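Asker: Below: one structure in structure tokens.
The values are calculated or read from the model by the stated rules, or taken from the named source; none is laboratory data. What you see is a predicted model, and the numbers here were worked out from it, not measured in a lab. Here Cβ is always computed from backbone atoms with ideal geometry, including for glycine, and neighbour counts include all displayed protein chains.
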Amino acid sequence: MILNNIEQVDKKVCTGCGLCVEICPKKTINMQEDEEGFIAPVVNNHFCINCGLCLRLCPTTEAVENIFFKNEREYFCGFISDKKTLLNSSSGGVFNVLANHILSQGGYICGCVYNSEMQAVHIIINKREDLELMHGSKYVQSRVNQCFGDIKDLLLNGHRVMFVGTGCQVAALRLFLKVEYENLFCVEILCHGVPSPKLFSEYLKYLEKKLKGKVKNIQFRNKEKRGWGSEHRTCIIYEKKGEIKKYRPILPAYFSAFFYSLNLRESCYKCRFAQLERVGDLTIGDFWGYWEKYKKRIVEGISVVSINSKKGKILVNSIKDKFEFYESLSQKEAIKSNDNFEHPTKRPFERDGFYKGVFNKGYKDLWKKVYLSKSCRKKTIVSIYGALVPAKIRFIINKLRKK
């Protein structure tokens, strides 16, 4: 007998959102790590009652079509005036001002943090002092579904909640809730894809062996030395003999594997949420098209935001005074150099066997798979150029090339 449950979903399109676990009436589904270290549902078919609820609400099915916002979108770019907060943000600081606005109204924020074991998980906070834990891009898939029930309780009790996550996580939450709540604000990260938690764990082990210390934090987009950007800004915070230290790798292979799209979940290459119509009230990301528009270097960072719903517009209007710079964009300007506004990340052919090779040969050989891979050699040259040539000089070179 073919069971009417989540096991019918192709593992290559499963996003690992965990919605099926939360809605199963008999709790027969668990999330377990697969061979690549991504979590995926496993059903205890002995106790499954074949109700089909998990399959009907899965974000990989047609159930998701009704939650995309179909109305006309608005776009803007900008960065906040609070320089300290801006420095600690990945791009222009939009998340922080949105979150602080919700907190000032007695609301709650659900976002991603590193727990005490350096695992990426979603938690719910309602205190400003806890907000710093959510700053910065994590670049590893987080576990989120354990928050869904608590979010629903908060919403039913009249509290405002802002949920921040990837498109598939936002979709999972909205499908779990089944109805629209006026006091729920979903902020969708403009997502390139997510690497495996197991690979991230191997990265931590590699770092701790290399540094002979305990990793306390990884800031993938640290601005202290090089300003805003993507590569070459990884900062490792670690403790060694009771002293807190920092390590900045010149060519960080883990982040480069992400940047080159080598270590993403298979479903990310077929992501149905990477399109102009979005499932979040707002979509936030880096405004990589800034050079084309402004022809100048922006050191502190600048965000791009897509306003996808009426709630999203109300929320943005409530924080406009927190920006030092704010400017409306056309759709063409907003999506410039932000491919994931329109389509999923392209799958490189080296993704075949990537994880098997890394786990079999050990993390220390990761750099070979990243920097010597055939389809990524051009990116490697660009990476070396970016790592060794100061930003001011690169800016001058770019300016001369445009003339």
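Asker: Output the number of residues of the range 165-186 satisfying the condition of being surrounded by fewer than 24 Cβ atoms within 10 Å (Cβ to Cβ) and within 18 Å of Ile125 (Cα to Cα).
Answerer: 2
Asker: While we're on this one: Quick one: would you say Lys205 is charged (D, E, K, R), in a helix (DSSP H, G or I) and not assigned by TED's automatic domain parsing to the domain that holds Val299?
Answerer: It is true that Lys205 is charged (D, E, K, R), in a helix (DSSP H, G or I) and not assigned by TED's automatic domain parsing to the domain that holds Val299.
Asker: Still on this structure, please answer the following. Could you pull out the residue among Lys225, Lys212 that is at pLDDT 95 or above and farther than 15 Å from Gln119 by Cα?
Answerer: That would be Lys212, the only listed residue that is at pLDDT 95 or above and farther than 15 Å from Gln119 by Cα.
Asker: Val179 is checked against (1) aliphatic (A, V, I, L, M); (2) part of a helix (DSSP H, G or I); (3) over 26 Å from Tyr254 (Cα atoms) and fails just one. What number does that condition carry?
Answerer: Unmet for Val179, out of (1) aliphatic (A, V, I, L, M); (2) part of a helix (DSSP H, G or I); (3) over 26 Å from Tyr254 (Cα atoms): (2).
Asker: Keeping to the range 330-378, report how many residues are surrounded by fewer than 17 Cβ atoms within 10 Å (Cβ to Cβ), of a type in the set (Lys, Arg) and in contact (Cβ under 8 Å) with a residue 24 or more places away in the chain.
Answerer: 5
Asker: Could you tell me whether Ile218 is of a type in the set (A, V, I, L, M, F, W, C), assigned to a strand (DSSP E or B) and either in contact with a Ser or Thr (Cβ under 9 Å, 6 or more places away or on another chain) or without any contact (Cβ under 8 Å) to a residue 12 or more places away in the chain (or both)?
Answerer: Yes.
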